[in-house]
1. Which of the chymotrypsin sites (Phe, Trp or Tyr not before Pro) across region 1-76 are loop residues per DSSP, with 16 or fewer other Cβ within 10 Å?
2. List, in order, the whole-Hz ³J(HN,Hα) value for each residue of region 194-211 obtained from phi through the Karplus relation with A = 6.51, B = -1.76, C = 1.60 and θ = phi - 60°; use x for Gly and Pro.
3. Skipping prolines and chain starts, which residues have an amide H placed within reach, meaning under 5 Å, of the one on V63, given they are 5 or more residues away or on another chain?
4. Enumerate the lysines that K298 could reach by cross-link, defined here as Cα to Cα under 21 Å, with residues fewer than 8 away along the same chain left out.
5. Compute the signed sum of charges (Lys and Arg +1, Asp and Glu -1) over the other residues within less than 15 Å, Cβ to Cβ, of G23.
6. In whole Hz, with x marking every Gly and Pro, tabulate ³J(HN,Hα) for region 354-359 from phi via Karplus 6.51 cos²θ - 1.76 cosθ + 1.60, θ = phi - 60°.
7. Label-point separation (nm) for E78 and S334, each offset 7 Å from Cα along Cα-to-Cβ?
8. When the chain is fully extended, how far beyond the present Cα-Cα distance does K56 get from D278, taking 0.36 nm per residue of separation?
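Read-outs: derived from the displayed coordinates by stated rules, not from any lab. The structure presented is a predicted model; accordingly, all values stated were derived computationally and were not measured. Counting neighbours? That spans all protein chains shown, and the Cβs are built from the backbone with ideal geometry, glycine included.
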Amino acid sequence: MENFEFSSPTKIIFGKGTEERIGKEVSLYNSKVLFLYGSGSIKRTGLYDRIVASLKAWRVDFVELSGVQPNPRLSLVEKGISICKKQGIGFILAVGGGSVIDSAKAIGAGACYDGAVWDFFPAAKLVTECLPIGVVLTIPAAGSEASQFAVITREHTQEKLPMQGEALRPRFAILNPELTFTLPPYQTACGCVDIMGHVIERYFTTVPNVDLTDRLCEAVLRTVITNAPIVLTEPQNYAARAEIMWAGTLAHNDLLSTGRIGDWSSHRIEHELSAIYDITHAAGLAVIYPAWMKYSFKKDTKRFVQFAVRVWGVDLPFESEERIVLEGIRRMESFFKDLGLAVRLTELDISSERFDEMAEKCAAFWSSGGNYHKLEKQVVKDILELAL
C-alpha cells in the first residue's frame, strides 16, 4: 500500500425531500448566486419551482444560466465566468448531473482566475481557488458531486480534457434518490456504467497489498450490478435508487483510491471518442473496457482473475486462468448489453476512420499514463481496433 492523504470535505445531505433545504444551505455561503442547470427537465418535474421557492424564502438572490449539455462545452463555461465576474457572484448552485457540476467547477475556477480557464486543462495547472459550489444531484453517474475533478470539451478543437484541484470539491451535495425516479432507462443505464467505470479504473492497480480497498471496490461494483436491473424494471424503487446514488458518490470521492494508483487508460481513450462523436461518456466506456481488458490482462493475470471471480462470480472449473478472465469479460459485456448499451464501436456507428487522429491526440496528452500500458499511439489504436 502506498502512502496517502485523504480528505473528502463535501457535506452530503442524503434522503427524501432534502432539496427543500437548499435555500438554507446556500445562505450560509453567499446571497448572490449563479443558478446553473441543463435543459427543461428540472422544470417539468417541479424541482425548479421548489428550489426557487427555497432560495427566495432564505433571501438568496440568483442569476440563472441554463443550457448545459452532455459533454459540457467550454463556450458555456466562458459565458458563466463572464456572468460571475460582471455581477459579483459569490456562489454557484449546480442542479443536475455531472455535466452541470463539472461546468460549475470550471466556471468557479475561471471566475477566480485572470487568465483563460483552459490553462487548467489537461490538469496541467492545479486549481487552487474556486467559487464555492453547492449541488442538487439529479443523475447519479459522474460522481462529480464530491470529487476534485471536472471534464470539459473545447468544441473547436474537439478536445475533452480534465481539470483537477481540491478547491473544486463542492461544499455540499444534496442527494435525494426520489429525484432520479423520472430518469429515462438509457440515462439510468449509462449512469450505472459511469459509476462502475470510476471503480474499475481504481481497481486495476499494480500496487500490492491493497486488499481492503479491493474489497471496497468490489462492494461498490456488486451493489451497482445488483441494483441496476431493479431500477430499470422498477424506476420508483427508492431502496435500489438510493443504493446506486450513494455508490456513485463513493466511487469518485477518492476513498477507493487510498493507498493505490489507478489506471485511467480507458477513460482517456473514451474521452477521444466522446469529444469527436459526442456520445454519452458511459456508452463509450461500455465499449472500451472489454477491449482494454482483452488487451491488458496478460500483464497481471491474477488481478483480472480476481476481478472475474469476486465481481462477476466466475466459479466454473475452467482449465486456465486465461479462460476465467475471458469469462469475466464476457459476463461484463453481457451485463452492459442487458442494460441496453452497445459493446462494439460499430454498434455506435463509429468506424476506424479517425482512429489515427484519436490515438495521436490521446498519446500526446497521456503518453505517461496507464499502469499496464503507456498510452502510446499504437497502443491506443490497437485497443480501438479491438473495440470495433
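1. When the chymotrypsin sites (Phe, Trp or Tyr not before Pro) of region 1-76 are filtered for loop state and at most 16 Cβ neighbours within 10 Å, F4, F6, W58 remain.
2. In residue order, the calculated couplings are 4, 4, 4, x, 5, 7, 4, 4, 7, 5, 8, 10, 9, 6, x, 6, 10, 5 Hz.
3. Those qualifying (amide H under 5 Å, at least 5 residues apart or on another chain) are V33, L34, F35.
4. K374, K377, K381
5. Its environment carries a net charge of +2.
6. Along region 354-359, the couplings run 10, 4, 4, 4, 5, 5 Hz.
7. So the two model labels end up 5.0 nm from each other.
8. Gain on extension, K56 to D278, equals 76.2 nm.
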